[in-house]
Amino acid sequence: MITVKEILSKKDLKQFVKFPFKLYKDSKYWVPPIINQELQTFNKKKNPIFQDAEARFFLAYKDNAIVGRVAAIINWLEVDGQNQKKMRFGWFDFIDDLEVSKALLKEVESIGKSNNLDYIEGPVGFSNLDKVGVVTEGFDAIAPMVTWYNHPYYVKHYEALGYQVEKVYIESRFPFENVKPEFFVKAQELIKRRYSLKALKFTKTEDVMPYADKMFDLFNESYASLSSFVKITDIQKAYFKKKFISFINPEYIKFVVDKNDKLIGFAIVMPAFSKALQKANGKLFPFGFRHILNAKKNSKDAIFYLIGIHPEYQNKGVHAVIFNEYYEIFKEKGIETCYRTPELEDNEAIKKIWKHFDPVVFRRRKTFRKNLN
């Protein structure tokens with residue numbers, strides 16, 4: 001018999017966070033989160049997303065053992081501001097037992113119905129900067145830090161429970177040797193002269209901070225047209241600055257500004273932390289922090305996390321300026337492989353940006369949807 005229990009204590013929340021460590025203990029591809037950071041994500045006093053969203057957390061038990069988990073999420077900015085009557089769910093993990101996944105999703109569906117929402121979609125996080133999608137192809141590649149990984153049987157559970165594919169995301173990679181400077185060096189010089197642009201270089205994290213709010217504003221502008229986009233609020237900006245910016249090598253943050261110092265393009269790249277996080281196994285101390293620092297300095301893999309261009313400058317080649325900046329630093333650091341985090345498969349604009357590098361899709365992931373009425 002399956003019993004589902006809502007989490008109401010810190011002790012149970014820690015069990016919620018640690019359940020995948022047991023489920024994936026023998027996996028070469030799953031990447032554990034830092035436990036304390038994950039707990040802070042769910043802390044309603046520390047994560048400002050809870051000013052505009054709510055979440056309830058559930059654990060499933062069988063024979064007194066934890067066999068599944070799920071977070072039921074409502075983002076009220078999305079529901080009220082965009083009239084998207086969506087019930088979200090994420091952090092959805094379970095053993096290969098249909099009764100377990102069914103019982104957990106039943107709780108989420110019940111919350112959605114009680115709030116008069118139209119449909120349920122997942123797995124997704126609180127916002128667009130959270131992880132998204134269940135892996136449907138490409139199970140034999142290690143997961144980047146900013147994505148979820150899952151067993152292949154997950155997809156069968158969604159299908160058996162009446163869920164339909166909502167969105168498809170792709171992850172791509174290409175060897176750095178595919179990057180040919182002739183595709184962008186001359187073009188970026190012409191573009192900088194034509195539009196009076198310049199690229200900003202950083203060597204210290206504190207030098208990035210004055211531009212960070214502008215970057216999130218531009219992120220909101222450049223991604224606003226996507227149907228699934230939820231705007232980042234001012235209070236969330238401060239949270240994300242603290243959570244992400246210090247994690248990233250300052251030289252891997254690229255901004256392009258016009259003659260008035262207005263930000264019109266940005267990109268954020270991260271070193272690959274996955275193997276370091278596997279060694280850390282959820283803990284920064286005593287040795288986890290050392291593994292992460294080593295990856296930050298010496299990783300030969302670079303992950304393109306975000307790239308955004310102001311709508312007025314899209315299709316004007318500004319990405320060439322950004323790629324030129326990365327080419328020099330990647331060459332200096334001996335980067336071997338470049339990865340792209342999940343992008344919507346039907347995003348033709350982003351495909352055009354990368355076409356000259358001959359990227360190969362190595363993983364697909366999907367979100368699933370079910371109507372509630």
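The table below lists the values:
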| read-out | value |
| --- | --- |
| Pick from segment 240-256, criterion among the hydrophobic types (A, V, I, L, M, F, W, C) and not in a strand (DSSP E or B), ranking: modelled with the highest pLDDT | Ile248 |
| Contacts under 7 angstrom Cβ, first residue in segment 355-367 being over 11 Å from Arg173 (Cβ atoms), partner assigned to a helix (DSSP H, G or I) and open to solvent by 50 Å² or more (accessible area, probe 1.4 Å), 6 or more apart | His356/Phe183 |
| Residue within segment 163-177 that is over 30 Å from Asp217 (Cα atoms), assigned to a loop (DSSP other than H, G, I, E, B) and open to solvent by 30 Å² or more (accessible area, probe 1.4 Å) present | no |
| So Lys237, is it surrounded by 17 or more Cβ atoms within 10 Å (Cβ to Cβ), under 21 Å from the mean Cα position of the chain (by Cα) and part of a helix (DSSP H, G or I) | yes |
| Matching residues, segment 138-162, being touching a Leu at 6+ places or on another chain (Cβ under 7 Å) and either surrounded by 18 or more Cβ atoms within 10 Å (Cβ to Cβ) or more than 22 Å from Val100 (Cα to Cα) (or both) | Met145, His157 |
| Qualifying position, being free of Cβ contacts under 8 Å to residues at least 24 places away in the same chain and either among the polar types (S, T, N, Q) or farther than 30 Å from Ile292 by Cα (or both), among Glu54, Glu6 | Glu54 |
| Residue in segment 320-332 that is in contact with a strand residue (DSSP E or B) (Cβ under 8 Å, 6 or more places away or on another chain), over 24 Å from Ala280 (Cβ atoms) and either open to solvent by 10 Å² or more (accessible area, probe 1.4 Å) or of a type in the set (S, T, N, Q) (or both) present | yes |
| Counted residues, segment 65-99 - those being outside any strand (DSSP E or B) and open to solvent by 10 Å² or more (accessible area, probe 1.4 Å) | 13 |
| Strands (runs of 3 or more DSSP E) contained entirely in segment 257-373, each with at least 2 residues that are of a type in the set (Ser, Thr, Tyr) | 337-344 |
| Segment 146-175 residues that are farther than 28 Å from Glu336 by Cα, paired with ones that are at pLDDT below 95 (beta carbon under 7 Å, 6 or more apart) | Lys167/Ser228; Lys167/Leu344 |
| Boolean, Val31 is among the β-branched types (Val, Ile, Thr), outside any strand (DSSP E or B), open to solvent by 10 Å² or more (accessible area, probe 1.4 Å) and modelled with pLDDT of 95 or more | yes |
| In segment 107-122, the residues that are open to solvent by 10 Å² or more (accessible area, probe 1.4 Å), in contact (Cβ under 8 Å) with a residue 12 or more places away in the chain and not hydrophobic (A, V, I, L, M, F, W, C) | Glu107, Glu109, Lys113, Asn115, Asn116, Asp118, Tyr119 |
| Within segment 201-216, tally of residues that are assigned to a helix (DSSP H, G or I), under 17 Å from Leu263 (Cα atoms) and touching a residue at least 12 places away in the same chain (Cβ under 8 Å) | 9 |
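The values are calculated or read from the model by the stated rules, or taken from the named source; none is laboratory data. Not measured: the values here are computed from a predicted model. Note: ideal-geometry Cβ built from the backbone for every residue, glycine included; neighbour counts use all protein chains shown. Surface areas here come from the heavy atoms of the whole protein model, side chains and all, with no ligands, DNA or RNA. Shrake-Rupley method; radii C 1.70, N 1.55, O 1.52, S 1.80 Å.
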